[in-house]
Amino acid sequence: MTDLELAAKKLAFIETCVRELRDLARPELIATDLREERFVVHTLQIAIQAAQDLASHIVSDERLGEPENHRQLFELLVSNGWVPERLAGGLRAMAGFRNILVHGYQTVNKALVREVVEHRLDDLLDFVAALRSRLTP
């Protein structure tokens, strides 16, 4: 059984990160302002990490399968009806994006960071909404 208190905290944390990005970030400055870039990159990283942590928790507690990587966590949630199929691509992309941010697999593309902040934050909020509707008694 999924720990509802832990899940609620993770969901609220993701929402807080998205709100901070929307209220405080200045995406147009990412390419030229090191502080802005680091604030945005770090906040995105911890928001995506919280989503992955919660996905891992649910997949494990609900015995949804054995993922080989973080992207598969989201695929298992989709295939088991926890989140809608329309979110699958965006969530897998977020997991890959987080790996780039954390592990430095490649140089962080500042234009991509800006794109995520300006156009992809709803993927995280839709993930939150889907899980909240499933977890709320």
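Among residues of region 31-42 that are without any contact (Cβ under 8 Å) to a residue 12 or more places away in the chain, those with a Cβ under 7 angstrom from a residue that is assigned to a helix (DSSP H, G or I), sequence gap 6+ or separate chain, pair up as E36/L29. Checked against (1) assigned to a loop (DSSP other than H, G, I, E, B); (2) crowded, with 16+ Cβ neighbours inside 10 Å; (3) not β-branched (V, I, T), F39 meets all criteria but (1).
Can you tell me which residues in region 77-89 are part of a helix (DSSP H, G or I) and either surrounded by fewer than 18 Cβ atoms within 10 Å (Cβ to Cβ) or in contact (Cβ under 8 Å) with a residue 60 or more places away in the chain (or both)?
The first filter runs over region 77-89 and keeps only residues part of a helix (DSSP H, G or I), leaving 77-79, 85-89.
Scanning region 77-89 gives S79, E85, R86, A88, G89.
Of the residues making up region 90-137, those that are within 25 Å of E5 (Cβ to Cβ), more than 12 Å from the chain's Cα centre (by Cα) and part of a helix (DSSP H, G or I) are A129, A130, L131, R132, S133, R134, L135. Report, by residue number, each residue of region 1-32 that is within 20 Å of V102 (Cα to Cα), surrounded by 13 or more Cβ atoms within 10 Å (Cβ to Cβ) and more than 15 Å from the chain's Cα centre (by Cα). A25, P27, I30, listed by residue number.
In region 43-76, the residue that is farthest from L131 (Cα to Cα) out of those that are touching a residue at least 60 places away in the same chain (Cβ under 8 Å) and either within 12 Å of the chain's Cα centre (by Cα) or in a loop (DSSP other than H, G, I, E, B) (or both) is L44. Checked against (1) over 18 Å from E115 (Cα atoms); (2) at pLDDT below 95; (3) charged (D, E, K, R), E37 passes all but a single condition, namely (1). Taken over region 91-123, the criterion of being under 13 Å from A47 (Cβ atoms) and either among the charged types (D, E, K, R) or free of Cβ contacts under 8 Å to residues at least 60 places away in the same chain (or both) is satisfied by L91, M94, A95, F97, R98, V102, R120, D122, D123.
The values are calculated or read from the model by the stated rules, or taken from the named source; none is laboratory data. These numbers come from a predicted model, not from an experiment. Note: ideal-geometry Cβ built from the backbone for every residue, glycine included; neighbour counts use all protein chains shown.
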